[in-house]
1. Go through T166, T174, T179, T184 for me and flag whichever is over 30 Å from V94 (Cα atoms), of a type in the set (S, T, N, Q) and open to solvent by less than 60 Å² (accessible area, probe 1.4 Å).
2. Could we say that A104 is modelled with pLDDT under 95, open to solvent by less than 70 Å² (accessible area, probe 1.4 Å) and under 20 Å from A19 (Cα atoms) here?
3. Name every residue in segment 109-118 that is exposed (fewer than 15 other Cβ atoms within 10 Å of the Cβ) and part of a helix (DSSP H, G or I), in order of residue number.
4. Can you tell me how many residues in segment 125-156 are surrounded by fewer than 17 Cβ atoms within 10 Å (Cβ to Cβ) and in contact with a Cys (Cβ under 9 Å, 6 or more places away or on another chain)?
5. Run V164 past the list (1) assigned to a strand (DSSP E or B); (2) at positive phi and report the number of the one that doesn't hold.
6. Any idea which of (1) under 30 Å from R22 (Cα atoms); (2) touching a residue at least 40 places away in the same chain (Cβ under 8 Å); (3) part of a loop (DSSP other than H, G, I, E, B) is the one A195 doesn't satisfy?
7. Would you mind telling me which numbered condition in (1) part of a helix (DSSP H, G or I); (2) surrounded by fewer than 17 Cβ atoms within 10 Å (Cβ to Cβ); (3) not basic (K, R) G99 fails?
8. Can you pull out the residues in segment 103-125 that are without any contact (Cβ under 8 Å) to a residue 40 or more places away in the chain and of a type in the set (V, I, T)?
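The values are calculated or read from the model by the stated rules, or taken from the named source; none is laboratory data. For clarity, every value in this text was computed on a predicted model and none was experimentally measured. Note: ideal-geometry Cβ built from the backbone for every residue, glycine included; neighbour counts use all protein chains shown. Calculation scope for accessible area: heavy atoms of the full protein, side chains included, ligands and nucleic acids excluded. Shrake-Rupley method; radii C 1.70, N 1.55, O 1.52, S 1.80 Å.
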Amino acid sequence: MTHPHHLHATAAAWSLQAARGRLADYAADEAAHIAAEALEVPSVLRSTVYGGRHASGGHSDPTVGMLAVADRPDRRNRWAEMAERCTGKLCWLVGQLPGTIDTADPIAVILSRIPQLQPGTARTVAQHLADEDAWVRQALGVRPDRAHLDGVDCPHCGERQLVVQTAGPVDAWTVVCATGRPCTGQGCPCGMPGAVEGVAHIWWRADVIGAVGGAR
């Protein structure tokens, strides 16, 4: 699987999986805070603090603050809601792909099916995944998982502005050029099999590193 659309889809899937992991952590932390607050409410309601200026035989109205705590509706875990929505979108996407619907982790299912997709379908899948990944990361304030590849020339433009997309296992890492110059199709200096005009350049990290090592 070396077609650029397949690589973009794979990279987007791993990036979204990493973002979902962070989202799950946020949801778990929020659930813990909500549970802790729920445990605090009874102790507040049993407080002997009274709202009147003077005690009246030990029977005065509770303070406004106490009533506010007692009447407050359960706080929503918006991170959990976001995670549920994201999983629902991914399950929908799985349902659009050829093959038997699987109830396993939708990202794992998508990753397993990407190699068999037609390039045009892989392009559509990549766009859906990238959009969802951007939505989750923007909400979390999390940047993409990337690192500069120092000292290596871009196979296309020769500039040393390559970036490794580091989400997922090392053997799934891909490399893109920060210049953003698109592929010119067949005959492009990028050397990408199945090069497609107008598509952002992308390579397997192992191929880029291997090419550099071979040149040396």
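1. T179
2. Judged against the criteria, A104 is a match.
3. Residues satisfying the conditions are S112, P115, Q116.
4. Within segment 125-156, residues that are surrounded by fewer than 17 Cβ atoms within 10 Å (Cβ to Cβ) and in contact with a Cys (Cβ under 9 Å, 6 or more places away or on another chain) number 1.
5. So the condition that V164 fails would be (2).
6. Among (1) under 30 Å from R22 (Cα atoms); (2) touching a residue at least 40 places away in the same chain (Cβ under 8 Å); (3) part of a loop (DSSP other than H, G, I, E, B), the lone unmet condition for A195 is (1).
7. (1)
8. Result: T103, V109, T121, T124.
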